[in-house]
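In what follows, a single structure is set out as structure tokens and then discussed.
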Amino acid sequence: MSENKSGSNLERVLRAGHFAFTGECGPPKGANVGHLKEKIAFLKGNVDAVNITDNQTAVVRMSSWAASAIAVQEGVEPNFQMVCRDRNRLAMMSDILGAYSLGARNMLCLSGDHQRFGNHPEAKNVYDIDSLQLIALAKKMRDEEQFMNGEAIDVAPRLFIGAACNPFADPFEFRVYRLAKKISAGADFIQTQCIYNMEKFRLFMKMAVDMGLTEKCFILAGVTPLKSVGMAQYMARQVPGMDVPPGLIDRLKGASKGKAAEEGIKIAIEQIEEFKEMKGVSGVHLMAIEWEHRVAEIAERAQMLPRPPI
Amino acid sequence: MIIGDRKSLTEILDMIKDCRSILITGCKGCVTVCNVGGLKEVQVLASSLKIARKKEGKSIAIEENLLERQCDPEYIAELADVVHRYDAVLSMACGVGPQFLAEAYPTQKFFPAINTKFFGGATGHGVWEERCAGCGSCVIHNYDGLCPVSRCSKSLMNGPCGGSANGLCEISKDVVCIWDRIVKKKMEQGRLADLLTVMPAKDWSTSRDGGPRKSIREELTQ
């Protein structure tokens, strides 16, 4: 995992052997550039790259490539997310070229939540290709400098290719193989689903290490601080593929009045400390949902600062 | 076979609100087998419409009819003598029926009484499930007879996605995750290796995405 494939800062940080730290920012439900810039500013200097989500939970927002371009303007490296739900292969290739042209150097390839969850459940979904095929496509565009059909690309997009992994979805035994498939398709790095069940994640990582997968790909462990008991219960019951152990909810309940959020941050910091020591984990992906203003504090307390210079 | 559901009485009444007489024609094909557009269903719909219209004080004359198949011009031709005696014709066939009727009798009005839903089969009394999306290039042998195109909510060729939980799809607790079944079947039978290579992007040009389709068998066209 030595040669640089893109001009990505995140790639440089990882290849230099630093413990990476990425953040996340959802584009606005509108053209509120000011608000987007405020959220991005909270992350600047505190993370190596910021995931710019793509109509997450199937709710319409400013396009991920446009918000990524704004992040570039603001001096923050975006991790441009792309889901397979909303675009066919033509639009995907064209948006990859567009996002790259506007300065994106990382890309995260995702299936995308089904539109039934979102605010336009009447929509037709696309799924022309799936997330594995999207990874392979981004790699082909970068390494072979060709479109999917084999035609030459005039200046190829050199992106650091990411993918997601959910060790908590079923069937558990297959999840490490699906990770292996994503790596063989071309994933350079992986960001996992939010981790709450540490025991299961330790087991998953052991399987990944034993299979040699962590020698071929950087794995960033997903962390989302729980803000309240209500949020934890919602995640446990309503969010597909999320595994929030009852013990964790009890711990939040046990916090004194008004202190559940602080307890949630403490849990996140303990997790980050463990991930720093966990074999095969190359960094943390912090998804502080609508909590961008707390990222600096979490980064500081988890001793993730200062970030390595670009 | 083709599975459909009957439209609501309210919707049908609205479609035929200006008609004083209609012909209801069923089909002995798929819609008879899935109990939605056969003789019995034609009779039930006719009675329901008459009662509803009587309540509105606008009685309606209805003739009941059943064709061998509405997807074949030979049987459509049987309506030639009666089709123009009515203000409109209500077809209880799949979506093919009212179209073949409209092509054969261009001056008459035809309404669909059925919402055509999918290609599937009966999985229990009164229950039908989708099994085929008509993509035009079958790949089920790669998935041990379980079709991800029609049965995965995202038609993933390399599933299961991160939303699979307890054997169910993320979209609903009533929907099976077909990828969970595919993986478990392969694992049980010691053929997990089948799933370890990345399946390439599918060629959708044989599906509806390639435009309206046609099937020609030269030996039969002579």
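General remarks:
- The Cα-based radius of gyration and maximum Cα-Cα distance (Dmax) for chain A are 18.5, 62 Å.
- Simple point charges give the picture: +1 on the Cβ of Lys and Arg, -1 on the Cβ of Asp and Glu, and for the stretch A:115-159 a dipole about the Cα centre of about 220 debye.
- Short-range pairs are left out: with C-alpha atoms under 8 Å and at least six residues apart, the relative contact order of the stretch A:198-283 is 44 percent.
- The string of couplings for the stretch A:204-220 from the Karplus curve (6.51, -1.76, 1.60, θ = phi - 60°) is 4, 5, 4, 4, 5, 5, 4, 7, x, 5, 6, 7, 9, 7, 8, 10, 9 Hz, one whole number per residue in order, with x for Gly and Pro.
- Relative contact order, whole percent, for chain B stands at 17, derived from Cα pairs under 8 Å and 6 or more residues apart.
- Amide H contacts of A:GLN146: A:MET141, A:ILE153, each under 5 Å away and 5 or more positions distant or on a separate chain (H built 1.01 Å from N in the peptide plane; Pro and chain starts excluded).
- Within the protein assembly as shown, DSSP assigns beta bridges of which about 20% are antiparallel (rounded to the nearest 5).
- Summarising the amide proton neighbourhood of B:GLY4: residues at separation of 5 or more, or on other chains, whose placed amide H is nearer than 5 Å comprise B:LYS117.
- Partners for A:LYS37 among lysines (Cα-Cα distance below 20 Å; same-chain residues under 8 apart left out): A:LYS29
- Scaled radius of gyration (Cα, divided by 2.2 N^0.38 Å) that chain B gives: 1.27
- Cα-based shape type of the stretch B:2-118, given that a ≥ b ≥ c are square roots of the gyration tensor eigenvalues and the cut on a/c is 1.5: oblate
- The 3J(HN,Hα) values that the Karplus relation (6.51, -1.76, 1.60; θ = phi - 60°) gives for the stretch A:119-132 are, in residue order, 9, 9, x, 7, 5, 8, 8, 9, 6, 4, 10, 9, 5, 5 Hz. Gly and Pro appear as x.
- Spatially proximal lysines relative to A:LYS200 (Cα-Cα < 23 Å; intrachain offsets below 8 disregarded): A:LYS181, A:LYS182, A:LYS216, A:LYS227, A:LYS253, A:LYS266, A:LYS276, A:LYS279, B:LYS184
- Fraction of antiparallel bridges per DSSP, the stretch B:2-118 only, in percent to nearest 5: 20
- Angle between chain A longest axis and helix A:172-185 axis [Cα atoms, degrees, rounded to 10]: 30
- Candidate lysines - alpha carbon under 26 Å from B:LYS58, same-chain residues fewer than 8 apart omitted: B:LYS7, B:LYS17, B:LYS40, B:LYS50, B:LYS109
- Neighbouring Cβ atoms from other chains, within 10 Å of the Cβ of residues in B:177-187, number 3 on average.
- Per residue of A:162-172, other chain Cβ atoms within 10 Å of the residue Cβ number 4 on average.
- Where only DSSP H runs of four or more residues are counted, chain A gives -12000 deg cm²/dmol as its mean residue ellipticity at 222 nm, each run worth -39500 (n - 2.57).
- Dimensions of the stretch B:133-204 from C-alpha coordinates, computed as largest minus smallest value along each principal axis and given longest first, are 30, 29, 18 Å.
- Principal-axis tilt of helix A:33-43 within chain A, Cα atoms, nearest 10 degrees: 60
- For B:ALA61, the residues 5 or more places off, or on other chains, whose built amide H falls under 5 Å of its own are B:SER21, B:ILE22.
- For chain B, calculated [θ]222 nm from helices alone, where every DSSP H run of n ≥ 4 adds -39500 (n - 2.57): -7000 deg cm²/dmol
- Per residue, in Å², the accessible surface of chain A once ligands and nucleic acids are set aside, probe 1.4 Å: 40
- Value of relative contact order over the stretch A:9-301, rounded to a whole percent, pairs C-alpha under 8 Å and six or more apart: 18
- Chains B and A together, accessible area buried on both sides, 1.4 angstrom probe, square angstrom: 2400
- Considering only beta bridges that DSSP places wholly inside chain B, some 45 percent are antiparallel.
- Each 10 Å bin from zero up to the one holding the largest Cα-Cα distance in the protein assembly as shown carries the following percent of pairs: 3, 16, 23, 21, 14, 11, 8, 3, 0.
- Residue with peak Gaussian network fluctuation, chain A [Cα springs, cutoff 10 Å], from A:ARG12, A:ARG237, A:ARG158: A:ARG237
- Helix A:260-277 and the long axis of chain A differ in direction by around 60°, with both axes built from C-alpha atoms.
- Protection proxy ranking, highest mean first, for peptides A:274-282, B:47-55: A:274-282, B:47-55, where packing is the per-residue count of other beta-carbon atoms within 10 Å, averaged.
- Couplings for the stretch A:186-196, taken from phi via the Karplus curve 6.51 cos²θ - 1.76 cosθ + 1.60 with θ = phi - 60°, read x, 5, 8, 9, 10, 10, 8, 4, 3, 9, 10 Hz in order; Gly and Pro are left as x.
- Packing-based ranking, highest mean first, of B:200-212, A:98-110, B:161-173, A:162-174 given that Cβ atoms within 10 Å are counted: A:98-110, A:162-174, B:161-173, B:200-212
- Chain B, accessible surface, carbon-and-sulfur percent (1.4 angstrom probe): 53
- Listed peptides B:108-120, A:204-216 appear in the order B:108-120, A:204-216 once ranked by packing, highest mean of other Cβ atoms within 10 Å at the front.
- Shielding score for A:129-138, defined as the mean number of other chain Cβ atoms within 10 Å: 5
- Based on protein heavy atoms only, the stretch B:133-204 ends up with 44 Å² per residue of surface accessible to a 1.4 Å probe.
- Within the assembled protein chains, the solvent-accessible surface assigned to A:TYR234 is about 130 Å², based on a 1.4 Å probe.
The values are calculated or read from the model by the stated rules, or taken from the named source; none is laboratory data. Worth saying up front: this structure is predicted, and the values here are computed from it rather than measured. Every residue, glycine as well, gets a Cβ built from its backbone with ideal geometry; the counts of neighbours run over all protein chains shown. Only protein heavy atoms, including side chains, enter the accessible area calculation; ligands, DNA and RNA are left aside. Shrake-Rupley method; radii C 1.70, N 1.55, O 1.52, S 1.80 Å.
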